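Here's the structure we're looking at; comments come further down.
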Amino acid sequence: MLEPLSVAIGLAGMGDLFAIWRGIRWLRYVFKPGTMLLIIALAATGLPEAGAFGYLVLAGLLFSVAGDVFLVLPQNRFLAGLVSFFCAHLLYIAAFAVRRAGWGLLDGALLAGLVAAGVLFFRRMRPGVRREGGNRMLLATGVYLAAITLMVAAAVGTRLPATAAGALLFYLSDAILAWNRFVRPLPRANLGVMSAYFLGQYLIAVSVLIGG
């Protein structure tokens, strides 16, 4: 099932990118959650063999779909989307903890680097976040940034290349989104956000099949 579902995911993802490029909102309602549902179907093919790792990843993907729906709606549901993805990251952290293969000096250095980068990034975003949503959104954004940083560190600890690459791409996707929203608009930012996001989620789903 890996190859046919991978092709379907790629086609659906390109459909969403086309909708972004052409500004066709109604197509995004189809392809954005549709791509994620196909990724969920891919992860589900690894169950029950993947055990707790697989079920936790699947739950994280489901919360991600909820976040996708909130963010694609015409109303401003950014905070609701943030909460949904925060829950997804907590589930991913739990999943990656199940598959943790060890923790070494390089892992500690990576975590320190991610924390330092996160602090600098948060300071750069802070005026824009406060301007848009006040202290409530500032707190939510800081907590979310901490969660995704831990998620990446936990993914690296699994020693599964697909998991680590997927987590880093998810981090990159959120970084582009946040910079574009709170710091400075980027040309065609949504194309970068969704390309990194879909590929990251796809690789995390694939890790259920090859690492379960």
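The values are calculated or read from the model by the stated rules, or taken from the named source; none is laboratory data. Predicted model only: the values in this text are computed from it and were never measured. With ideal geometry, Cβ positions are generated from the backbone for all residues, glycine too; neighbour counts draw on all protein chains shown. Remember, those area values only see protein heavy atoms, side chains included, never the ligands or the DNA or RNA. Shrake-Rupley method; radii C 1.70, N 1.55, O 1.52, S 1.80 Å.
Being in a helix (DSSP H, G or I), of a type in the set (Gly, Ala, Ser), modelled with pLDDT of 95 or more and closer than 12 Å to Ser207 by Cα holds for only one residue in Ala59, Ala43, and it is Ala43.
For region 2-19, indicate whether the set of residues that are in a helix (DSSP H, G or I), under 26 Å from Thr141 (Cβ atoms) and at pLDDT below 95 is non-empty. No, the conditions are met nowhere in region 2-19.
Residues in region 145-174 that are aromatic (Phe, Trp, Tyr) and surrounded by fewer than 20 Cβ atoms within 10 Å (Cβ to Cβ): none.
Residues checked against (1) within 20 Å of Ala97 (Cβ to Cβ); (2) without any contact (Cβ under 8 Å) to a residue 40 or more places away in the chain; (3) open to solvent by 50 Å² or more (accessible area, probe 1.4 Å):
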| position | (1), (2), (3) |
| --- | --- |
| Val115 | yes, yes, yes |
| Val119 | no, yes, yes |
| Ile176 | no, yes, no |
| Trp179 | no, no, yes |
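Filtering region 40-56 to residues that are more than 19 Å from Ser6 (Cα to Cα), touching a residue at least 60 places away in the same chain (Cβ under 8 Å) and open to solvent by 40 Å² or more (accessible area, probe 1.4 Å) leaves only Glu49. Here Leu62, Leu73, Leu110 are screened, and the one residue that is more than 15 Å from the chain's Cα centre (by Cα) and closer than 23 Å to Gly34 by Cβ is Leu73.
Rundown of residues vs (1) at pLDDT 95 or above; (2) in contact with a helix residue (DSSP H, G or I) (Cβ under 8 Å, 6 or more places away or on another chain), yes/no style:
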| residue | (1), (2) |
| --- | --- |
| Arg130 | no, yes |
| Asn135 | no, no |
| Leu139 | no, no |
| Val156 | no, yes |
| Arg159 | no, no |
| Phe170 | yes, yes |
| Leu191 | yes, yes |
| Tyr197 | yes, yes |
| Gly200 | yes, yes |
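One residue stands out in region 18-39 among those that are in contact (Cβ under 8 Å) with a residue 60 or more places away in the chain and surrounded by 18 or more Cβ atoms within 10 Å (Cβ to Cβ): the one that is farthest from Gln201 (Cα to Cα), namely Ile20. Val115 - would you say it is of a type in the set (Val, Ile, Thr), more than 21 Å from Arg184 (Cα to Cα) and out of contact with any Leu (no Cβ under 9 Å at 6 or more places or on another chain)? Judged against the criteria, Val115 is a match.
For residues that are part of a helix (DSSP H, G or I) and either modelled with pLDDT of 90 or more or under 16 Å from Gly166 (Cβ atoms) (or both), tally how many sit in region 89-112.
Applying the first criterion (part of a helix (DSSP H, G or I)) to region 89-112 yields 89-98, 105-112.
Okay, now just the ones that are also either modelled with pLDDT of 90 or more or under 16 Å from Gly166 (Cβ atoms) (or both), so 89-98, 110.
Of the residues in that region, 11 qualify.
For region 173-180, the count of residues that are at pLDDT 95 or above, in contact with a Leu (Cβ under 6 Å, 6 or more places away or on another chain) and closer than 17 Å to Ile39 by Cβ is zero. Restricting Leu111, Leu139 to those that are open to solvent by 40 Å² or more (accessible area, probe 1.4 Å) and either touching a strand residue (DSSP E or B) at 6+ places or on another chain (Cβ under 9 Å) or within 30 Å of Ile210 (Cβ to Cβ) (or both) reduces the list to Leu111. Screening Ala41, Ala95, Ala88, Ala117 for residues that are of a type in the set (A, V, I, L, M) and more than 18 Å from Leu169 (Cβ to Cβ) leaves exactly one candidate, Ala41.
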